Amino acid sequence: DAARRIAEGDFSARVTFGGQGNNELHELAHAFDGMAESIERYFRQNASIMEVTPEALVISDEQGRIVKANAHTEQLFGYSREELIGQPMQSLIPERLRNAYADYRDGQFAASAVREMGVDAGFFAQRKDGTEFPADISLGSLKTEKGHWVISAVRDMSERKKFEAQILHQATHDALTGLPNRRLFQELLSRAMARALRTERIVAVMFLDLDGFKKINDTLGHEEGDKLLKAVAERLLGLLRQDDVVARQGGDEFTILLQDVRIVQDMIQVAEKLLACIAEPLHVGTREMHITASIGITVFPFDDNDVDSLLRNADTAMYRAKELGKNNFQFYTAEMNAAMCERMEIESGLRRALQEEQFVLHYQPQCQIASGKIVGMEALIRWQHPQQGMIPPAKFIPVAEESGLIVPLGEWVLRTACRQIKRWREAGMPHLKMAVNLSARQFNQADLLRMIQGVLEETGIDPRSGALELELTESMVMHNVEASVDMLKHLHEMGLQLSIDDFGTGYSSLSYLRRFAINTLKIDQSFVRDITVDPEDAALASIIVTLGHSLKLNVIAEGVETTEQLSLLQNMGCDEAQGYYLSKPLPAEALEPLLRAGYLATTPVSV
């Protein structure tokens, strides 16, 4: 069949080198086995077939000397055919590799080739000018009157190898930064661990996360965020040793592998340099950006002995660094792991609690200091866990913020509070304002206005009725002043009351406050707590009251717990107060008698 196809001129279409092509070449060689014609006559009659074959074809005798070559051989190796004839096949192989083909020496070449006939052997070939290139060779045998001769088909694999290298790089490196990706980092870490065991050294794994990157991404856009990530990657590469590895895990997370570490102080020095390096201003295009990082560190073989556990430990330590104020590093400890497990349990419980409606709202009254008249209340969320009982907000709110669950949770609070307003008004209760906190994530939602409008329409609350007041923290609105000014303007135009919570803990200025469409300043409880014993806190509280009144804003103090605090705030001219001295947060049904009375007692209540 092979002979017939060659006669029909189909040789070039059928001879392929790789896979089944090798078998076909083998079959082709045997199709001519036993023919009475000489090899010279064969090539004379079929010379055109050799020339149209897309590979370099080299024919050699039993001693391994070249007796025939086609035009592609000249093009590939740079020799003329006259130069090739009579040369040993090994002349086409780099000298450094010739020992690997020792069986192909004079007198043994044909026998060795026959044993490996049809085999695709990847190797390096050498051109006349000495340059090397990756090649594939397929071997076939011709039995002639002069003995077994060997057909070697050689293909230049340079482009294919280059393409394969590109594919491998794409599979193992991050497309944005060019750094190793998670998969490659894990492989390199595994190798480093094995080497460390042999050399009795230690390996450090660092998990680095940029602080506040999401806000930059949301504010300036993903394109600017990508530029920042690339700039950070370049800085990390420039700081580490050649043997160390920095990889991108995804998002704004990077992992670093320090190999052959001798002492803990080495890790500390690297971590300090990394933090200082990232904290320096970054010039991205025409912008100057400032960002910090949090780093978690774990050590092999002391903390754990497998790749996944080490990465998890470093991640846990990084979260601890963020909890301690960010822009610092922390070493992993077993206690951190316990805390992380608890955090994961809380997050899982929060998801289940949202589905099963385990949350309730308590309401803390707000009153006029001068008269004691109730003018409003603040809605405060509580988690009524079916097994653990009431879980305090301080335990689950930070987890909700970090996980993003604060968004659906905040919407639930707003909707539930508005429904309660509606019930109280329908029951003839006084028309009081309800203060609801907005989280930073909620405030940065693209659909915040639509969500609020939808809840108000669903619950039948007129935004211009004064029934709803949204509380935003000072740091939240100051993060991106221009965006905050725009958002507060839209909320104010809807008719909603707006207050700045925790005032005095951030970095507001009079010029900014004048631009914010707000109604109330809320003095943070950290100032109220020591207002009677710390002159500085008292002075700050007095300044806030004066500042608020100068801007024609209402001023309310939270965290009032004693008669002395209330009396001092009244002397300062503070308008309203809220705290345990007046009333602790109460369920809706427990608060109703106070609402009907309309006033709060001036003696402390039981807590």
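Residues are listed down the side, and each one gets a yes or a no for (1) over 20 Å from Glu223 (Cα atoms); (2) part of a strand (DSSP E or B):
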site: Gln242; (1), (2): yes, no
site: Val246; (1), (2): yes, yes
site: Phe254; (1), (2): no, yes
site: Leu257; (1), (2): yes, yes
site: Val270; (1), (2): yes, no
site: Ala276; (1), (2): yes, no
site: Ile295; (1), (2): yes, yes
Practice problem: Kindly indicate which of Gln368, Gln420 is modelled with pLDDT of 90 or more and either among the small types (Gly, Ala, Ser) or open to solvent by 60 Å² or more (accessible area, probe 1.4 Å) (or both). | Solution: Gln368
Quiz item: Which of the following residues is of a type in the set (Ser, Thr, Tyr) and in contact with a helix residue (DSSP H, G or I) (Cβ under 7 Å, 6 or more places away or on another chain): Ser294, Ser309?
Solution: Ser294
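From Asp304, Asp308, Asp315, which residue is more than 20 Å from Leu237 (Cβ to Cβ) and assigned to a loop (DSSP other than H, G, I, E, B)?
Values: Asp308 fails: assigned to a loop (DSSP other than H, G, I, E, B); Asp315 fails: assigned to a loop (DSSP other than H, G, I, E, B).
Sole residue among the options that is more than 20 Å from Leu237 (Cβ to Cβ) and assigned to a loop (DSSP other than H, G, I, E, B): Asp304.
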Quiz prompt | Failed item, numbered, when Gly178 is tested on (1) outside any loop (DSSP other than H, G, I, E, B); (2) open to solvent by 30 Å² or more (accessible area, probe 1.4 Å); (3) of a type in the set (Gly, Ala, Ser); (4) within 22 Å of Cys277 (Cβ to Cβ) | solution = (1)
Quiz item: Among the numbered criteria (1) in contact with a Pro (Cβ under 8 Å, 6 or more places away or on another chain); (2) at pLDDT below 85, which single criterion is violated by Leu142?
Solution: (1)
Exercise. Given the conditions (1) of a type outside the set (Val, Ile, Thr); (2) in a helix (DSSP H, G or I); (3) under 17 Å from Ser439 (Cα atoms), report the number of the one that Lys422 does not fulfil.
Key: (3)
Self-check item: Failed item, numbered, when Ile268 is tested on (1) open to solvent by less than 50 Å² (accessible area, probe 1.4 Å); (2) more than 30 Å from Thr416 (Cβ to Cβ); (3) aliphatic (A, V, I, L, M); (4) touching a helix residue (DSSP H, G or I) at 6+ places or on another chain (Cβ under 9 Å)
Solution: (4)
Quiz item: Since Val413 meets every condition but one in (1) over 25 Å from Asp252 (Cα atoms); (2) buried (at least 18 other Cβ atoms within 10 Å of the Cβ); (3) of a type in the set (A, V, I, L, M); (4) modelled with pLDDT under 95, which condition does it not meet?
Solution: (4)
Practice problem: Among the residues of the range 320-336, count how many are open to solvent by less than 50 Å² (accessible area, probe 1.4 Å) and either touching a His at 6+ places or on another chain (Cβ under 6 Å) or of a type in the set (Lys, Arg) (or both). | Solution: 1
Quiz item: Can you list the helices (runs of 4 or more DSSP H) found entirely within the range 428-543 that contain at least 3 residues being under 28 Å from Asp218 (Cα atoms) and modelled with pLDDT of 90 or more?
Solution: 448-459, 481-494
Quiz item: Taking the range 340-354 as the region of interest, how many residues are within 14 Å of Lys395 (Cβ to Cβ), of a type in the set (A, V, I, L, M) and open to solvent by less than 40 Å² (accessible area, probe 1.4 Å)?
Solution: 3
Quiz prompt | Residue check for Lys552: closer than 25 Å to Glu411 by Cβ and of a type in the set (D, E, K, R) | solution = no
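The values are calculated or read from the model by the stated rules, or taken from the named source; none is laboratory data. Just so it is clear, the model here is predicted, and its values are computed rather than measured. Ideal geometry is used to build each Cβ from the backbone, glycine not excepted, and the neighbour counts take in all protein chains shown. SASA here: full protein model, heavy atoms, side chains in, ligands and nucleic acids out. Shrake-Rupley method; radii C 1.70, N 1.55, O 1.52, S 1.80 Å.
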